[in-house]
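Colleague: Sending over a structure as structure tokens; questions will come in a sec.
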Amino acid sequence: MIISRAPLRISFLGGGTDFPEYFRQHGGAVLATGIDKFSYVTANPFHSHLFEYAIRVSYSVGELAKKVDDIRHPVFRECLRYCGLEKDIELHTVADLPAFTGLGSSSAFTVSLLQVLHAYKGEYVRPIQLAYEAIHIERNVLKECVGVQDQTTAALGGFNVLEFHAEDDIRARPLTLSRARIEELESHLFIVFTGIKRRAQDLEKNKINNLAENCKHLHRLQNLVGQGYDILTSNASLSKFGDLLHQAWELKQLLDSGVSNPEINDLYKKGLTAGAWGGKLLGAGAGGFLLFCVPPEKQPAIQAAFKDYHNLTVRLAAPGSQIIFGG
């Protein structure tokens, strides 16, 4: 058995500028971190000559396939095809958190799956190459309307400013933070699940279709990345970082009317009323997790305000995709 895992992520600033439709012309950047919540994939040899099928995959359902083309799950199917594996393998995936919640779980799964398939074949792939392969599968093979930050953070992990020049030219600039500074930021975060799961595809398509109109907002979102980097890598008060998150949330809502809704707006106001300096909805919008930056002394108040909602505690700067067993 071989087991891989890839981290989910929090994208603090710059989201939306990681779409090639934007950064090919203007460049792009995000401030993002891997978190200690993971997508796992296991791979086992499967003795197909003893069965009536050649491949077994398991996710929320199980599939028994005689050939790769018969697999219904598109990511399993295309990653197996890409890696040249046609039979005699069993794959299973689980995750620490549900999909469609704004934490990049879909791309973390793609990266983790590619990692385990390469390991199954005895191949080593550099982390950035793993990101490029996942981007290729999702954007070029499956034709999904996705950016490229999720795959990159899942593959590289850490806490970085990611700079986008081309789909195969992405550069990571790590934040040189002390453990104490990271723990300070962690103590200021409050992450709450809105209870709304959503697919980002339609929302992202709308944003891209309106790219000419959205460019001015995306330029401003990109400019916040450098400011966030400067705040976090200095001794500046994290209240300034909370204000940047609030600015990013205000700008993000200008990209498409579907980014927010009355329920999400009410939850965001609830967080500010309880003492948060600022925050934003994680992911494309319309649901998922809300992130707040809250001074520690206000944490009891915001926890009380959201006592009927699930909140998430995370550690930042998690390692990138890796084989954790076997290989």
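The values are calculated or read from the model by the stated rules, or taken from the named source; none is laboratory data. Treat the numbers as computed from the prediction; the structure is a model and nothing was measured. Using ideal geometry, Cβ is built from the backbone for each residue, glycine included, and neighbour counts are taken over all protein chains shown.
Colleague: Across the range 52-73, what is the number of residues that are exposed (fewer than 14 other Cβ atoms within 10 Å of the Cβ) and of a type in the set (S, T, N, Q)?
Modeller: 1
Colleague: Now for a separate question. Of the residues that make up the range 60-72, is at least one in contact with a strand residue (DSSP E or B) (Cβ under 8 Å, 6 or more places away or on another chain), among the hydroxyl-bearing types (Ser, Thr, Tyr) and assigned to a loop (DSSP other than H, G, I, E, B)?
Modeller: no
Colleague: Still on this structure, please answer the following. Would you confirm whether or not the range 40-57 contains a residue that is assigned by TED's automatic domain parsing to the domain that holds Ala99, in a loop (DSSP other than H, G, I, E, B), within 20 Å of Leu97 (Cα to Cα) and not charged (D, E, K, R)?
Modeller: no
Colleague: Val68 is checked against (1) touching a residue at least 40 places away in the same chain (Cβ under 8 Å); (2) farther than 27 Å from Ala286 by Cα and fails just one. What number does that condition carry?
Modeller: Result: Val68 passes all but (1).
Colleague: Being more than 20 Å from the chain's Cα centre (by Cα) and surrounded by fewer than 20 Cβ atoms within 10 Å (Cβ to Cβ) is the filter here, so list the residues in the range 28-51 that pass it. Steps first, answer last, please.
Modeller: Kept after step one, since they are more than 20 Å from the chain's Cα centre (by Cα), are these residues of the range 28-51: 42-51.
Those that are more than 20 Å from the chain's Cα centre (by Cα) and surrounded by fewer than 20 Cβ atoms within 10 Å (Cβ to Cβ): Thr42, Asn44, Pro45, Phe46, His47, Ser48, His49, Leu50, Phe51.
Residue-wise test of (1) in contact with a Pro (Cβ under 8 Å, 6 or more places away or on another chain); (2) farther than 14 Å from Gly102 by Cα; (3) in contact (Cβ under 8 Å) with a residue 40 or more places away in the chain; (4) of a type in the set (Lys, Arg).
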| residue | (1), (2), (3), (4) |
| --- | --- |
| Val259 | no, no, yes, no |
| Leu267 | no, yes, yes, no |
| Leu272 | no, yes, no, no |
| Trp277 | yes, yes, no, no |
| Ala284 | no, no, yes, no |
| Val294 | no, yes, yes, no |
| Pro300 | no, yes, no, no |
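Colleague: Checking the structure you have, find out if any residue of the range 237-249 is modelled with pLDDT under 95 and touching a strand residue (DSSP E or B) at 6+ places or on another chain (Cβ under 8 Å).
Modeller: Step one: filter the range 237-249 for residues modelled with pLDDT under 95, giving none.
No: zero hits.
Colleague: Of the residues that sit in the range 1-27 and are surrounded by 24 or more Cβ atoms within 10 Å (Cβ to Cβ) and among the charged types (D, E, K, R), which one is farthest from Ile324 (Cα to Cα)?
Modeller: Asp18
Colleague: Here's another thing I want to ask about it. Please name all residue pairs, on different chains or six or more residues apart, with Cβ atoms under 8 Å, provided the first residue is in the range 1-16 and is farther than 19 Å from Ala284 by Cβ and the second residue is at pLDDT below 95.
Modeller: Met1/Gly326; Ile2/Gly326; Ile2/Gly327; Ile3/Gly326
Colleague: Within the range 172-193, is there a residue that is touching a residue at least 12 places away in the same chain (Cβ under 8 Å), over 30 Å from Gln299 (Cα atoms) and within 16 Å of the chain's Cα centre (by Cα)?
Modeller: Yes, the range 172-193 has at least one match.
Colleague: I'd like the full set of residues that are touching a Ser or Thr at 6+ places or on another chain (Cβ under 6 Å) and either aromatic (Phe, Trp, Tyr) or more than 22 Å from Ile89 (Cα to Cα) (or both), limited to the range 110-137.
Modeller: Ala131, the sole residue that qualifies.
Colleague: Go through the range 118-220 and tell me which strands (runs of 3 or more DSSP E), entirely inside it, have 2 or more residues that are aromatic (Phe, Trp, Tyr) and surrounded by 18 or more Cβ atoms within 10 Å (Cβ to Cβ).
Modeller: Per the criteria, 159-166, 189-193.
Colleague: Then there is this: Considering each residue of the range 17-39, count those that are in a strand (DSSP E or B) and either touching a Lys or Arg at 6+ places or on another chain (Cβ under 6 Å) or without any contact (Cβ under 8 Å) to a residue 40 or more places away in the chain (or both), and give that number.
Modeller: Here the count works out to 4.
Colleague: Here's a follow-up. For the range 232-257, how many residues meet the condition of being in contact (Cβ under 8 Å) with a residue 40 or more places away in the chain, within 25 Å of Ile208 (Cβ to Cβ) and in a helix (DSSP H, G or I)? Write out each step before concluding.
Modeller: Initially, the range 232-257 is screened for residues in contact (Cβ under 8 Å) with a residue 40 or more places away in the chain, giving 232-233, 238-239, 241-242, 244-245, 248, 252, 254-256.
Checking the rest, the ones that are also within 25 Å of Ile208 (Cβ to Cβ) come to 244-245, 248, 252, 254-256.
Now drop any that are not in a helix (DSSP H, G or I), which leaves 244-245, 248, 252.
Of the residues in that region, 4 qualify.
Colleague: Please determine whether any residue of the range 267-283 is in contact with an Asp or Glu (Cβ under 7 Å, 6 or more places away or on another chain) and surrounded by 14 or more Cβ atoms within 10 Å (Cβ to Cβ).
Modeller: Initially, the range 267-283 is screened for residues in contact with an Asp or Glu (Cβ under 7 Å, 6 or more places away or on another chain), giving 277-278.
Next, from what is left, pick out any that are surrounded by 14 or more Cβ atoms within 10 Å (Cβ to Cβ): 277-278.
For the range 267-283, residues in contact with an Asp or Glu (Cβ under 7 Å, 6 or more places away or on another chain) and surrounded by 14 or more Cβ atoms within 10 Å (Cβ to Cβ): present.
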